[in-house]
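Take a look at the structure below.
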Amino acid sequence: MGLFDFVKDAGAKIFGKDEPEPAPQVRNVDAATLEKMKRNKALQNLVATLGLAVEDLRVEVNGDTAVVHGKVDNQAEREKVVLAVGNVIGIARVDDRLESVKVEAEAQMHTVVSGDTLSKIAKKYYGDAGKYPVIFEANKPMLKDPDKIYPGQVLRIPPLAS
């Protein structure tokens with residue numbers, strides 16, 4: 001899919017939170033390398049915690065860019081992985097190098113601004129505010145409540161089924 005931009009200062013705060021001590025064989029690395037390893041692992045754990053299915057998932061953080069590798073079953077899962085990784089404080093870009101088994105149409109992406117609601121977003125993209133559940137479902141498990149979105153968050157806007 002390519003390179004996706006996110007708001008670096010918006011999203012989940014997962015870095016520095018409950019990070020385990022490194023394995024003995026990596027304790028002698030420099031601080032920058034250790035921090036990078038922790039960030040890589042934190043993002044991989046986030047994807048796993050959300051239950052997103054990625055075969056051979058590997059995330060590499062380079063500065064404020066996360067490079068995501070692995071294999072997913074479909075386009076929706078691919079986009080959810082990109083959004084899960086990108087909607088994290090400290091990540092400004094996601095370089096999607098995932099492989100999809102099924103080739104499907106890509107969803108549009110929408111960056112939430114102050115005053116947005118899922119209904120307002122549905123009206124913009126679908127012409128019908130009542131279609132907000134489509135957007136909510138398309139962004140599960142990252143969204144747990146349709147009323148809890150925040151400025152800077154990036155959401156999937158899938159094409160409507162015919």
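Within the range 62-79, which residues have the backbone N less than 17 Å from the label spot 7 Å out from PHE15 along Cα→beta-carbon, could you tell me?
The answer is 62-68, whose backbone nitrogens lie closer than 17 Å to the label point.
I need the phi-derived Karplus couplings for the range 60-74: 6.51 cos²θ - 1.76 cosθ + 1.60, θ = phi - 60°, integer Hz, Gly and Pro marked x.
Result, ordered by residue: 10, 9, 10, x, 9, 10, 10, 9, 10, 10, x, 10, 10, 6, 8 Hz.
Report, ordered by chain and residue number, the lysines lying within cross-link reach of LYS13, taken as a straight Cα distance under 19 Å and ignoring same-chain residues fewer than 8 apart.
Cross-link targets: LYS36, LYS38, LYS41, LYS80, LYS140, LYS144, LYS148.
Rank the residues PHE4, PHE15 as a footprinting-exposure proxy: fewest other Cβ atoms within 10 Å of their Cβ go first.
By the 10 Å Cβ count, ascending: PHE15, PHE4.
State to the nearest 20 debye the size of the charge dipole of the range 2-100 about its Cα centre, where the only charges are +1 on K and R beta carbons and -1 on D and E beta carbons. Let's see the in-between values first.
Working: 14 positive and 17 negative charges, 41 e Å.
The calculation lands at about 200 debye.
Evaluate the distance, in nm, between pseudo-label points positioned 7 Å from the Cα of ASP5 and of ALA31 along their respective Cα→Cβ axes.
3.2 nm
Given R₀ = 22 Å, what would the calculated FRET efficiency be for VAL113 paired with ALA161, taking r from the Cβ atoms and rounding to 0.05?
Numbers: r = 27 Å, r/R0 = 1.22.
The computed FRET efficiency comes out at 0.25.
Please list the non-local residues whose amide H lies under 5 Å from the amide H of GLU104, H modeled 1.01 Å from N, same-chain partners needing a gap of 5 or more.
Hits under the 5 Å cutoff: GLN75.
Mind sorting out which of (i) 65, 53, 25; (ii) 49, 33, 31; (iii) 57, 35, 23 is the real Cα extents along the principal axes in Å computed from the coordinates?
Calculated Cα extents along the principal axes in Å: the matching label is (iii).
Mind sorting GLU79, GLU55 by how few other Cβ atoms lie within 10 Å of their own Cβ, fewest first? Intermediate values should be presented prior to the final figure.
Working: GLU79 25, GLU55 11.
Ascending number of Cβ neighbours within 10 Å: GLU55, GLU79.
Taken together, the values in this text are just the output of simple stated rules run on the coordinates, not laboratory data. Because the structure is predicted, anything quoted here is derived from the model rather than measured. No Cβ is skipped: glycine too gets one built from the backbone with ideal geometry, and neighbour counts run over all protein chains shown.
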